[in-house]
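**Q** Below is one structure. I have some questions about it.
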Amino acid sequence: MPTDFMPPTTDELLTAVQRLGMIVRCIHQKRALTDIEKKPQLNFWLLIYGMLLDVAVLEWCKLFGTDSEPTHWKRVVADPDRFRSDLLMALAIDELRWMEYWQDMKNYRDRHVAHHNWDLSIIDHYPELTLALKSSYFYYSYVIAELRTRGETRFPADLDEYCARFAHQAGEIGRAALAATARFRERVY
């Protein structure tokens, strides 16, 4: 453990849990909607799909992007080297693949979500969110274990299981909502 490590407060851990919850719910909701309608025609839905992606990336970067973020994993875990090693093993990737993914997410956040950029051509692809989801599950397991030692029990022990239920419900709601707007045609371009 680094000598300058200060264990996170319970409030800091709860903030990390809230951010992790936001990431995984945004990803699962976006996936549920996309499974129903890949390319919606209404700007209403295009905005929602885009915002779900943007919020997922923005929140993920608060936890995995810049070390100085208060909820970045390096500021929360006692043994960063062990955490990184275990994270890479859980994701079944090496350090190079992690750095490429991290850069892809950070570039999207920096160039498309967080900062103004006149050059719209820089977004030639959108980040794939599977590693964001899996890394969030991993970080959550660490944070929830620490919260359990402090007597905090209001959050699910298994985020993956919670997300399966959330995704199912998001699919049901998404089908109803998309069906309810199917009769509309875009009139405002």
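The values are calculated or read from the model by the stated rules, or taken from the named source; none is laboratory data. Everything quoted here is computed from the prediction, not taken from an experiment. Every residue, glycine as well, gets a Cβ built from its backbone with ideal geometry; the counts of neighbours run over all protein chains shown.
**Q** Does residue 148 satisfy the criteria of being within 20 Å of residue 76 (Cβ to Cβ), part of a loop (DSSP other than H, G, I, E, B) and either out of contact with any Phe, Trp or Tyr (no Cβ under 8 Å at 6 or more places or on another chain) or not hydrophobic (A, V, I, L, M, F, W, C) (or both)? Please lay out each step first, then the result.
**A** On the way: within 20 Å of residue 76 (Cβ to Cβ): yes; part of a loop (DSSP other than H, G, I, E, B): no; either out of contact with any Phe, Trp or Tyr (no Cβ under 8 Å at 6 or more places or on another chain) or not hydrophobic (A, V, I, L, M, F, W, C) (or both): yes.
No, not satisfied.
**Q** Let me ask another. Tell me, yes or no, whether segment 72-79 has at least one residue that is surrounded by 17 or more Cβ atoms within 10 Å (Cβ to Cβ) and outside any helix (DSSP H, G or I).
**A** Checked against the condition, which is being surrounded by 17 or more Cβ atoms within 10 Å (Cβ to Cβ) and outside any helix (DSSP H, G or I), segment 72-79 yields at least one hit.
**Q** I need the full set of residues from segment 106-136 which are part of a helix (DSSP H, G or I), surrounded by 18 or more Cβ atoms within 10 Å (Cβ to Cβ) and modelled with pLDDT of 95 or more, in order please.
**A** Restricting attention to segment 106-136, the residues satisfying the condition of being part of a helix (DSSP H, G or I) are 106-114, 120-122, 130-136.
Then keep just the ones that are surrounded by 18 or more Cβ atoms within 10 Å (Cβ to Cβ); that gives 106, 108-109, 112, 131-133, 135-136.
Those that are part of a helix (DSSP H, G or I), surrounded by 18 or more Cβ atoms within 10 Å (Cβ to Cβ) and modelled with pLDDT of 95 or more: 131, 132, 133, 135, 136.
**Q** Which residue is nearest to residue 133 (Cα to Cα), if the candidates are limited to segment 151-189 and must be in a loop (DSSP other than H, G, I, E, B) and more than 27 Å from the chain's Cα centre (by Cα)?
**A** So, considering only residues that are in a loop (DSSP other than H, G, I, E, B) and more than 27 Å from the chain's Cα centre (by Cα), the one nearest to residue 133 (Cα to Cα) is 182.
**Q** Considering every residue within segment 79-96, establish whether at least one is out of contact with any Lys or Arg (no Cβ under 7 Å at 6 or more places or on another chain) and of a type in the set (Lys, Arg).
**A** yes
**Q** A further question follows. Yes or no: residue 29 surrounded by fewer than 14 Cβ atoms within 10 Å (Cβ to Cβ), assigned to a helix (DSSP H, G or I), of a type in the set (S, T, N, Q) and under 14 Å from the mean Cα position of the chain (by Cα)?
**A** Working: surrounded by fewer than 14 Cβ atoms within 10 Å (Cβ to Cβ): no; assigned to a helix (DSSP H, G or I): yes; of a type in the set (S, T, N, Q): yes; under 14 Å from the mean Cα position of the chain (by Cα): yes.
It is false that residue 29 is surrounded by fewer than 14 Cβ atoms within 10 Å (Cβ to Cβ), assigned to a helix (DSSP H, G or I), of a type in the set (S, T, N, Q) and under 14 Å from the mean Cα position of the chain (by Cα).
**Q** With (1) touching a Ser or Thr at 6+ places or on another chain (Cβ under 9 Å); (2) not in a helix (DSSP H, G or I) as the list, and residue 93 as the residue in question, which single condition is left unmet?
**A** Only one criterion is unmet by residue 93, namely (1).
**Q** Which of (1) modelled with pLDDT under 95; (2) surrounded by 15 or more Cβ atoms within 10 Å (Cβ to Cβ); (3) acidic (Asp, Glu) does residue 67 not meet, given it meets every other one?
**A** (2)
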